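Accompanying notes for the structure given below.
The values are calculated or read from the model by the stated rules, or taken from the named source; none is laboratory data. What you are looking at is a predicted structure, and each value in this text was computed from that prediction instead of being measured. Neighbour counts are summed over all protein chains in view; Cβ atoms, including those assigned to glycine, are modelled from backbone coordinates with ideal geometry.
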């Protein structure tokens, strides 16, 4: 009897998880974008080319999860269709690969794109004026981590979080059914 109760409880938890996953993915994606902007605006850590590409992933996740959440709200369904969670899985898995690639570039495991190398200096108003008159400026570098905590850069943490979000999205895309007592089965 306890096995049946635990299965029913687990199924109810899985159903609630898959119903609320699109809203959770929306909130987490917006929080990741807010964190990136906070590092840029308040921490002075300007994004490189690969950092901006990683933000695009979260903007895509915001769009998909917002559509899924609105769809579920206006149709009165018990949750969005599983296809939305599977699309979120694909988006977050792409984000994990992209962030892992960026972390590898920072650790010199492989070369980054040519658009990501510079001397990493800050752009001043004088340099902006010089740029407008024809001089060249150099953007932040992708191969130098601007910030690290416990040995991991922002790209490393993003790779881990994106992988976790991808796995959770895949779990949310699986169809769960409520467990029925054994006396209902044939």
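Assorted remarks:
- Within the stretch 92-107, considering residues that are surrounded by fewer than 20 Cβ atoms within 10 Å (Cβ to Cβ) and touching a helix residue (DSSP H, G or I) at 6+ places or on another chain (Cβ under 7 Å), the one farthest from residue 56 (Cα to Cα): 100
- Within the stretch 67-78, residues that are farther than 21 Å from residue 29 by Cβ have Cβ atoms under 8 Å from residues that are at pLDDT 80 or above in these pairs: 77/71, counting only partners at least 6 apart in sequence or on another chain.
- Residue in the stretch 60-80 that is buried (at least 16 other Cβ atoms within 10 Å of the Cβ) and outside any helix (DSSP H, G or I) present: yes
- Within this structure, residue 56 passes the test of being assigned to a helix (DSSP H, G or I) and loosely packed, with under 15 Cβ neighbours inside 10 Å.
- When 22, 18, 85, 29 are checked against the criterion of being out of contact with any strand residue (DSSP E or B) (no Cβ under 6 Å at 6 or more places or on another chain), assigned to a helix (DSSP H, G or I) and modelled with pLDDT of 90 or more, a single residue qualifies: 29.
This table checks each residue for (1) within 25 Å of residue 51 (Cα to Cα); (2) surrounded by 14 or more Cβ atoms within 10 Å (Cβ to Cβ); (3) at pLDDT 70 or above.
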position	(1), (2), (3)
123	yes, yes, no
137	yes, no, no
146	yes, yes, yes
154	yes, yes, yes
159	yes, yes, yes
170	yes, yes, yes
174	no, no, yes
